[in-house]
Amino acid sequence: PFFSSTPRACAAPPDGMASKAADVDAPGPLIDLGMAPANGNGAIYPKFSKRSWKEWVKFLHYGLGILVTIGAYSFLQERIVSKRYEGEIFKATMFLVLCNRLVSIVYALIMIMVKGESWRMQAIVWKYLVVSFSNMLSTWCQYESLRYVSLILQTMAKTFKMLPVMLVGMVISRKRHSLREVCVVTLLTLGLSLFVAGGNVSSENAEGSSFYGICLLMAFLVFDSFTSNFQEKLFKEDNMSKYNQMLYMNLSSALVSTCLLVFGGMLPYSLAFLDHPGFAS
């Protein structure tokens, strides 16, 4: 076998092989595989990598960062969308999309300056617009659904995203998936279906049917799956940097969401709603 847990002594090459091997040019500097020097009997033992603890710290840092930020994000969006403020619920979810995009634009600008990335567009304009619209619609559906269904259902629905991601990836990038992945997705789909069918999934202050909220969740999953697959496609085909894509994608979304708020008459309403006690605090 190529790999074995039992250390073995290194055998000497047969006669004639050593001279032939000496005639072959060395392929370059050897890579340190983290192996300890051979002991007295010639056995070689693996040694603990000095970088492994740093990798674990980085892994925990990123993992906890994701859990904390996503948890806070989910809590705040439910609080804003579904809580009553003096008997009234905030209805301009597109304003939340705009705020989300403005913060993302500022962050992207800072990171482009820090990383020294290019400010110029690295792809055709329509590609930025496509991923921008799909991302904006997925975010709007996510916020809007909390007016009708609970945060628990929305969180569980995100685990169901594997199915639409796989299906959209097969269409856009011609990806193939193993039988194991298909089985996992099937079980997750079955579990989510049983959860929806077996209990109350409505939001605490729901103003309409939970069925409409479930439809919004399904639309969110489809748009979000398209966004992630199309972003991956842009990274590969156009060699686009992530902060460059983030900047122009969010600029497009901010422009469209601002127009929708202005022409829909919801921008003054959104700004006036900030005066409600407890809303902006």
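The values are calculated or read from the model by the stated rules, or taken from the named source; none is laboratory data. Quantities reported herein were computed from a predicted structural model and do not represent experimental measurements. Note that each Cβ is placed from the backbone with ideal geometry, even for glycine, and that neighbours are counted across all protein chains shown. Note: accessible area is taken over every heavy atom of the protein model, side chains too, but ligands, DNA and RNA are not part of it. Shrake-Rupley method; radii C 1.70, N 1.55, O 1.52, S 1.80 Å.
Using θ = phi - 60° and the Karplus relation 6.51 cos²θ - 1.76 cosθ + 1.60, list the HN-Hα couplings for segment 214-223 in order, rounded to whole Hz, with x at every Gly or Pro.
5, 4, 5, 5, 5, 5, 4, 5, 5, 5
Calculate what fraction, in whole %, of the accessible area of segment 56-153 sits on carbon and sulfur atoms when a 1.4 Å probe is rolled over the protein chains.
Answer for segment 56-153: carbon and sulfur cover 74 percent of the accessible area.
With a Förster radius of 25 Å, plug the Cβ-Cβ distance of Ile89 and Thr189 into 1/(1 + (r/R0)^6) and report the FRET value to the nearest 0.05.
Once the sixth-power term is evaluated, E becomes 0.20.
With a ≥ b ≥ c taken as the square roots of the eigenvalues of the C-alpha gyration tensor of segment 81-140, please select rounded if a/c is under 1.5 and otherwise prolate if a/b is larger than b/c or oblate if it is not?
Oblate shape, in that a/c is at least 1.5 and b/c is the bigger or equal ratio.
Going by amide H atoms built from the backbone, whose H comes under 5 Å of the H on Val149, apart from near neighbours?
Ser203
Rank-order 177-188, 152-163 by packing density, defined as the average count of other C-beta atoms within 10 Å over each peptide's residues, highest first.
Averaged packing, sorted descending, gives the order 152-163, 177-188.
Applying the Karplus parametrisation 6.51 cos²θ - 1.76 cosθ + 1.60 with θ = phi - 60° to the phi angles of segment 267-275, what ³J(HN,Hα) value in whole Hz is obtained for each residue in order, glycine and proline being reported as x?
Once θ is set to phi - 60°, the couplings for segment 267-275 become 5, x, 4, 5, 5, 5, 5, 5, 7 Hz.
Quick one: which residues, 5+ away or cross-chain, put their amide H under 5 Å from the amide H of Tyr85? H built at 1.01 Å from N.
For Tyr85, whose amide H was placed from the backbone, the distant partners under 5 Å are Phe90.
In what order, largest first, do Val97, Val171 sit by accessible area if the probe radius is 1.4 Å?
Val171, Val97
Going from most exposed to least, what order do Tyr248, Tyr62 have by accessible area with a 1.4 Å probe?
Final ranking, largest accessible area leading: Tyr62, Tyr248.
Per-residue counts of other Cβ atoms within 10 Å, averaged by peptide: what ranking do you get for 218-225, 236-243, highest first?
218-225, 236-243
With every protein chain present, what accessible area does Glu78 have (1.4 Å probe, heavy atoms only), rounded to the nearest 10 Å²?
60
What are the ³J(HN,Hα) couplings of segment 181-189, residue after residue, when phi is run through the Karplus curve with 6.51, -1.76, 1.60 and θ = phi - 60°? Round to Hz, x for glycine and proline.
5, 5, 5, 4, 5, 5, 5, 5, 4
Report the extension gain between Glu232 and Leu67 in nm, rounded to one decimal, defined as 0.36 nm multiplied by the number of residues separating them, less their alpha carbon distance.
Computed gain between Glu232 and Leu67 is 57.1 nm.
Give me the number: length gained by fully extending Ala272 to Glu181, i.e. 0.36 nm times residue separation minus the C-alpha to C-alpha distance, one decimal in nm.
Between Ala272 and Glu181, full extension yields 27.9 nm more.
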